[in-house]
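Have a look at the structure below before the remarks.
The values are calculated or read from the model by the stated rules, or taken from the named source; none is laboratory data. All values derive from a computational prediction rather than experimental measurement. Here Cβ is always computed from backbone atoms with ideal geometry, including for glycine, and neighbour counts include all displayed protein chains. With ligands, DNA and RNA removed, areas are computed over all heavy atoms of the protein, side chains included. Shrake-Rupley method; radii C 1.70, N 1.55, O 1.52, S 1.80 Å.
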Amino acid sequence: MRFRTGIRNISTFTKLAHSLERLKRRECILRLTPDAVHFIIVPDTTGTQVWAAIGVETLFDDDYHIQSNANNTINLEFNIENLTRSLRSASSATEVQMRLTKRDKHPMLSFIITLPGHGGGTNVVTQDIHVRVLTLSYVASIREPICPEPDVHIILPPLGVMRQHSERFQRLSDKIILRANMSGSLHLLAHSDSIRIQTAWTNLINPELDPAQVPNPAEHPSQLRPKDKFASVRIDAKEWVSLLRVSVVAKRVIACFCEGHALVLYVYVTEPEEEASAVLTYYIPIHSE
């Protein structure tokens, strides 16, 4: 089992790790494959799940090398805080190498960081993260959630702006309600026994369905409902505010409202015209009244 690579985009990698850390789930699964890197965060009980798929070229150099007896796939588990800490120490590095190593027979994810030194020299620092190599049977037991086709899908306004409103709403209630329709309207609201507050956006984009992904777009639930009919979800306010910190890496976010099931966010880290692909999928559970 071997893995090594240079890190091409330390800034994006650091912001990505920081965003995942904000979910307060300590353990993260890293699935390394020849073509993509996957980050998976699954809570022990209930809560938001994250399934991220990022093209190798988005984060890593051309020297990316992986080898294993499991179809050249390696599954690791580690503390996400340790990853964030290591990447932060490399913020001013001139070069960062990432390798799977061993220390005293314990597997480690090592970051070999080259930093500029005084007088034109360089300093090399190694940061090791303890990891657990996961068995194929264990990984097979972790399944990405299956949700019905969304009733409404809409591109969210800037997450930083939404977070400002959401933080204010969080002081009023521990639950936040999001409503959206297929006419480009989005409502964010919260209420207590005596107060009800709401923020509304209009003229947002409802993206067109991709025929390659949806065989018969005209029969999709979002196309069959009245365009001005709202779909609503009620979610945990604290968790919602935390995940909005993904704004540091998000280029655009599509929210899919699956009434009675979940709110699913597709966070795109790259622009549509870029060859490299990177999308984080958040599955946010809903709460009944």
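Do we have any residue at all in the range 241-252 that's open to solvent by less than 30 Å² (accessible area, probe 1.4 Å), touching an Asp or Glu at 6+ places or on another chain (Cβ under 7 Å) and of a type in the set (G, A, S)?
Scanning the range 241-252, I find no residue that is open to solvent by less than 30 Å² (accessible area, probe 1.4 Å), touching an Asp or Glu at 6+ places or on another chain (Cβ under 7 Å) and of a type in the set (G, A, S), so the answer is no.
Answer yes if at least one residue in the range 34-46 is in a helix (DSSP H, G or I) and open to solvent by 30 Å² or more (accessible area, probe 1.4 Å), and no otherwise.
no
Every residue in the range 12-26 that is assigned to a helix (DSSP H, G or I) and touching a strand residue (DSSP E or B) at 6+ places or on another chain (Cβ under 9 Å), please.
Listed by number, the residues that qualify are T12, F13, L16, A17, S19, L20, E21.
Just wondering, is there one or more residues in the range 219-235 that are farther than 24 Å from A53 by Cβ, open to solvent by less than 20 Å² (accessible area, probe 1.4 Å) and not assigned by the TED database to the domain that holds H38?
yes
Which pairs do you get when a residue that is assigned by the TED database to the domain that holds R132 and in a strand (DSSP E or B), found in the range 96-107, comes within reach of a residue that is among the acidic types (D, E) and open to solvent by 40 Å² or more (accessible area, probe 1.4 Å), reach meaning Cβ atoms under 7 angstrom, with the pair 6+ apart or on two chains?
From the range 96-107, the pairs are R103/D128.
Quick check on my filter: what residues within the range 52-76 are open to solvent by less than 30 Å² (accessible area, probe 1.4 Å) and either in a strand (DSSP E or B) or under 25 Å from D236 (Cα atoms) (or both)?
Listed by number, the residues that qualify are A52, I54, G55, F60, I66, I74, N75, L76.
With respect to S288, determine if the residue is hydroxyl-bearing (S, T, Y) and either at pLDDT below 90 or exposed (fewer than 13 other Cβ atoms within 10 Å of the Cβ) (or both).
When the stated conditions are applied, S288 passes them.
Residues of the range 82-121 being of a type in the set (D, E) and surrounded by fewer than 13 Cβ atoms within 10 Å (Cβ to Cβ), which ones? I'd like the intermediate steps shown before the answer.
Here is the first cut: in the range 82-121, the ones of a type in the set (D, E) are 95, 104.
Passing the criteria: only D104.
Test of understanding: among A190, A212, which residue is without any contact (Cβ under 8 Å) to a residue 60 or more places away in the chain, small (G, A, S) and surrounded by fewer than 16 Cβ atoms within 10 Å (Cβ to Cβ)? Reasoning before the result, please.
On the way: A190 fails: surrounded by fewer than 16 Cβ atoms within 10 Å (Cβ to Cβ).
Selected residue: A212, the only one of A190, A212 that is without any contact (Cβ under 8 Å) to a residue 60 or more places away in the chain, small (G, A, S) and surrounded by fewer than 16 Cβ atoms within 10 Å (Cβ to Cβ).
Criterion first (surrounded by fewer than 16 Cβ atoms within 10 Å (Cβ to Cβ), over 17 Å from E289 (Cβ atoms) and either over 22 Å from the mean Cα position of the chain (by Cα) or among the hydroxyl-bearing types (S, T, Y) (or both)) does R196 satisfy it?
Answer is no for this residue.
Can you find a residue that is among the β-branched types (V, I, T) and either at pLDDT 95 or above or in a strand (DSSP E or B) (or both) anywhere in the range 243-258?
Scanning the range 243-258, I find at least one residue that is among the β-branched types (V, I, T) and either at pLDDT 95 or above or in a strand (DSSP E or B) (or both), so the answer is yes.
Any residue in the range 155-162 that is free of Cβ contacts under 8 Å to residues at least 12 places away in the same chain, under 22 Å from R252 (Cβ atoms) and part of a helix (DSSP H, G or I)?
yes
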